[in-house]
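Read-outs throughout are calculated quantities, based only on the coordinates presented, and are distinct from any laboratory measurement. What you see is a predicted model; the values in this text were computed from it and never measured. Cβ placement follows ideal geometry from the backbone for every residue including glycine, while neighbour counts extend to all protein chains displayed.
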Amino acid sequence: MTDERQLVERCLAGEQAAVAELVERFRSPVFGLAVRMLGHRHDAEDVSQESFVRAIRGLRNWDRTRDFLPWLLAIVGNRCRTLLAVRRRRPHGQALVDQLPDVRPEPSSQLLAEEVQLGLSAMRSEYRQVFLLFHDQELSYQEIADSLAKPVGTIKTWVHRARRELIEHLRSRGVVEESTDALR
Amino acid sequence: MRCGEFERRLHGLLDEHPEGSRCLSRLPSALEAHASECDACSGQLRGYRQLFAGLSAIPPSNPSTQFVDRIVAESLSLRSRVNLYRWFAHLATAASVLIVLSLAAVARNRSSQPVAQTLPAIPVRHGAVRSVPRHAESFFSASSESFLPIRSRLELDHASVGVVLNLAGLSPVTFSAEVLEAHLAQQPAWMVELADGLRPVTESMTGTLNALLRVLPGNTEAAEQDHGARHERHSRYDRLA
């Protein structure tokens, strides 16, 4: 935390190395969230870059009493949602999953990963954002709530709905067999 | 355990363990027991296991190698742009202050200097006044120190002040700066009008007097028509002199 604060102070002082260090330190979660939210590597890179630049420009707005990462990821999530909204308005959509992984996992895992990615891309961007922040970035509910300025209860509800929607998606795609029995 | 309870506890478990996969592989025995008996919940549990397996199978992706360099370069160019904007803002502020100060200085100069060309010309009838208030000149030269603050305040030259003195019925003998100031303070509008009217004509005592007679309230017509009154006023000059 103190380390983050020092790094931010150095960035604010205009130290180029500090900016590079900041980007280097957080690029993985930032890019990871963007890729999972957008399902498109190039868009994710653009959004990550834009998010970093916005964050660096607005470093003075970061609440020093809180962690840096949730604040940064909230910016990324919001930028992704903006791009997704733009995409929805386009007459012809882009391929939702068009990036090939550099390191290819086992076929079954790859299939699962693609289906999960597809399910994510089909759900409401708010659900997707909080689901990824919680289950992928492993931020706490409180951190997500703080960074998105929403009540914790809302965030929990959205994560629960996101899980259910993903399960439904996997079922509808035949990845998970439908149960013959309804839930009792 | 009912299915609703199973789902609630499953969500509770996932709320405590965001990584998902590990906690789902080691379920509490009560949940395992229910899942083994209930196809629906068993299917749901499989679905969650698949979901988190799929989520963790999404390959870790890294941005391109120039990613960091691009952001650093962009943030630096942004900083220089911001600095440039700030510089322009400072420049604009300084220019604004300079303009305001210049305007203030111009306004001060305009108000402190006679600007005959911008004032309406007052027709001066030479010869209408028979006597010249000579005492004004001599009085001024004798009491210049007393007159200075009034002159600067009223922006009148010494001749005009002499005329004012006489018209106000003040004797040079009893004159003091305080007396004149007090008198003039009672009629500020009158004095402003008088000062404005005097500016174009102060080179000539006759012209000044004539102009004064024209601008004094109530004297415009009377000054033209009542020669007797005017002679009376002029004779007061002479008496004072």
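Going through the range A:120-139 one residue at a time, which ones are in contact with a Pro (Cβ under 8 Å, 6 or more places away or on another chain) and not in a helix (DSSP H, G or I)? Once the filter is applied, which keeps residues that are in contact with a Pro (Cβ under 8 Å, 6 or more places away or on another chain) and not in a helix (DSSP H, G or I), the range A:120-139 yields A:Gln137, A:Glu138, A:Leu139. Quick check on B:Gln50: is it crowded, with 19+ Cβ neighbours inside 10 Å and within 30 Å of A:Val30 (Cα to Cα)? So B:Gln50 fits the description; yes. For the range A:136-154, the set of residues classified as closer than 17 Å to B:Glu19 by Cα and surrounded by fewer than 24 Cβ atoms within 10 Å (Cβ to Cβ) consists of A:Asp136, A:Gln137, A:Glu138, A:Ser140, A:Tyr141, A:Gln142, A:Glu143, listed by residue number. Pull up the range A:31-70, narrow it to residues that are of a type in the set (Phe, Trp, Tyr) and closer than 16 Å to A:Glu9 by Cβ, then point me to the one that is surrounded by the fewest Cβ atoms within 10 Å (Cβ to Cβ). Top of the filtered list is A:Trp62. Just one of the listed residues (A:Val19, A:Val47, A:Val23, A:Val30) is among the β-branched types (Val, Ile, Thr), touching a residue at least 40 places away in the same chain (Cβ under 8 Å) and within 14 Å of another protein chain (Cβ to nearest Cβ), namely A:Val30.
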